[in-house]
1. State, to one decimal in nm, how far the label point of residue B:3 lies from the label point of residue A:138, with both points 7 Å from Cα in the Cβ direction.
2. Taking a point 7 Å out from Cα toward Cβ as the label site, list the nm distances between residue A:17 and the same residue in every other copy, smallest first.
3. With a ≥ b ≥ c taken as the square roots of the eigenvalues of the C-alpha gyration tensor of chain B, please select rounded if a/c is under 1.5 and otherwise prolate if a/b is larger than b/c or oblate if it is not?
4. What order do you get for B:253, A:32 when you list them from fewest to most C-beta neighbours inside 10 Å?
5. Can you give the extra length, in nm with one decimal, that the chain gains between residue B:227 and residue B:26 once fully stretched, where that is 0.36 nm per residue apart less the Cα-Cα distance?
6. Suppose you put the label 7 Å out from Cα in the Cβ direction; list, shortest first and in nm with one decimal, how far residue B:129 is from each other copy's label.
7. Hey, what do the phi angles of the range A:80-85 turn into as Karplus ³J(HN,Hα) couplings, whole Hz, using 6.51/-1.76/1.60 and θ = phi - 60°, x for Gly and Pro?
8. Run the numbers on the range A:1-76 and let me know its relative contact order in percent, using alpha-carbon pairs under 8 Å that are six or more apart.
There are 2 protein chains.
Amino acid sequence: MGEFDDATHFVVAGTANDGRLTYTGEIAPEWDIAGNANGGFLLAIAARAMADAVGRPPLSITAHYLAPGRPGPAEVLVDVVRAGRRMATAQAVVRGADGEIIRVLGTFAEQRPATEAEVPAVVHAAPPELPPAGECVRMQPPADNSGFGDRVAMWAHPDDAGFGVGRPSGTATIRGWFEFSDAQPIDAFGLLVAADAFAPVIFNVAGFPVSWAPTLELTVHVRSVPAPGPLRCRFSSRFMLNGMFEEDGELWDSTGTLVAQSRQLALIPR
Amino acid sequence: MGEFDDATHFVVAGTANDGRLTYTGEIAPEWDIAGNANGGFLLAIAARAMADAVGRPPLSITAHYLAPGRPGPAEVLVDVVRAGRRMATAQAVVRGADGEIIRVLGTFAEQRPATEAEVPAVVHAAPPELPPAGECVRMQPPADNSGFGDRVAMWAHPDDAGFGVGRPSGTATIRGWFEFSDAQPIDAFGLLVAADAFAPVIFNVAGFPVSWAPTLELTVHVRSVPAPGPLRCRFSSRFMLNGMFEEDGELWDSTGTLVAQSRQLALIPR
């Protein structure tokens with residue numbers, strides 16, 4: 001079991017009075033950025049408990065972020081909304097010592113392989129062109145006390161990495177490679193972390209402060225089962241207005257297949 | 001009050017034992033497509049009850065679709081998750097005579113006008129170029145027994161409307177005008193309907209069947225308060241694979257401001 005599987009695996013502890021399944025565990029301190037757990041990591045904890053409750057992996061999942069996820073004991077309360085033949089819908093509360101951290105709603109299903117589809121795939125897009133990781137720029141969260149940057153390994157396209165040295169590219173895009181540092185294979189849960197791992201794309205727009213951009217909401221669609229190997233990722237924003245921006249993510253596997261799409265709504269820091 | 005406001009206004013009926021607010025009303029038969037209520041219309045019913053409970057309009061809202069919304073008595077059970085100074089998060093169940101129809105999770109807040117932002121808006125996109133409505137193609141759901149196409153008025157760009165006469169454009173895009181038939185001003189709730197009103201964009205791809213494409217999940221981000229007048233809309237999909245497609249929407253108001261973004265995950269019909 002990789003360290004990501006280990007850290008996101010909460011154990012079923014029983015059923016609450018209201019019928020919700022309760023999973024308990026610990027928000028590990030090593031997955032933090034400046035003391036708070038990464039948002040995709042928190043979503044993966046919820047998704048793994050929900051997937052356990054419904055017996056299938058996430059397909060479309062949405063989290064609303066309510067409070068920072070500080071390390072320590074936590075629980076996931078899972079409410080199975082509907083379990084059909086193919087799809088199941090569930091919601092979850094992730095709660096730490098200080099109260100609720102995220103609220104989650106998702107639909108779960110096994111991917112139906114393309115070979116079973118009665119119509120051929122149509123894709124109007126291509127994975128980002130990336131130099132080999134060795135020619136890219138290793139990305140690390142800025143704070144010295146962040147474990148997250150050691151748990152995952154991210155390399156940004158050199159054209160998109162200038163913000164780290166005060167030279168934003170001018171385009172709200174970051175392309176790069178993602179994998180776990182221990183090279184654990186990336187499954188549907190790993191995709192949830194990858195979808196929220198890179199720096200906010202607004203760092204590449206001159207005039208926006210380079211500081212934490214709080215996520216209000218994050219939705220991930222899992223579109224295929226990833227083949228082994230690092231992901232090619234592209235994150236971008238087109239609408240930075242009224243104090244907020246959306247960040248769209250595309251995650252592609254080593255065979256050039258789209259494996260996930262993500263979108264989040266986040267606050268532009270002041 | 002316009003007919004849309006009237007049809008989506010459920011009345012608070014009390015508080016359930018578990019603390020949830022209960023709103024009751026009727027899924028009006030006039031907003032259907034072949035007997036089932038339009039998905040954006042159902043979301044607007046939920047959003048209006050949730051907004052009433054938290055005292056502010058929707059900002060980011062997600063619905064998972066569980067069962068068709070047939071006309072008749074229904075209730076919305078609203079659970080206020082968190083009510084902060086600016087943002088409030090709530091979830092809701094919409095239930096009809098046959099059981100749950102949709103499960104909804106959203107964050108609610110007043111739009112912060114651009115003039116109050118400390119950083120200027122940056123937009124890397126433009127509204128779709130559309131001929132005047134009179135030179136576009138009026139869109140109507142195909143079934144004779146659909147009221148929805150009379151409640152809203154949609155005109156598609158002539159280049160995107162060929163699927164209606166067996167000539168799909170080959171690109172999974174539909175651009176067009178949207179307004180309510182009674183010209184009621186479009187507010188945050190109206191945007192939710194507009195986000196799910198047009199025909200599925202896969203109708204424009206040869207080889208995909210032109211039949212109902214069930215929505216699994218729909219997320220709408222409200223990005224600005226719409227100015228009066230019809231919306232310019234652009235819907236498109238880039239990834240049609242493994243039996244599913246995403247449909248991305250951009251809704252622009254009459255002043256050329258982006259007022260909402262939407263994304264849904266839907267099944268490709270067989």
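1. About 6.4 nm separates the two model spin labels.
2. 1.0
3. Working: a/c = 1.69, a/b = 1.25, b/c = 1.35.
In terms of gyration-tensor shape, oblate.
4. By the 10 Å Cβ count, ascending, the order reads B:253, A:32.
5. On the way: separation 201, 0.36 × 201 = 72.36 nm, distance 2.94 nm.
69.4 nm is the gain from fully extending residue B:227 to residue B:26.
6. Ordered by distance, the counterparts are at 2.7 nm.
7. Coupling constants for the range A:80-85: 7, 7, 7, 10, x, 5 Hz.
8. So the answer I get is 38 percent.
Read-outs: derived from the displayed coordinates by stated rules, not from any lab. Everything numeric in this text was worked out from a predicted model, so none of it was measured. Don't worry about glycine lacking a Cβ; one is built from the backbone with ideal geometry, like all the others, and counts go over all protein chains shown.
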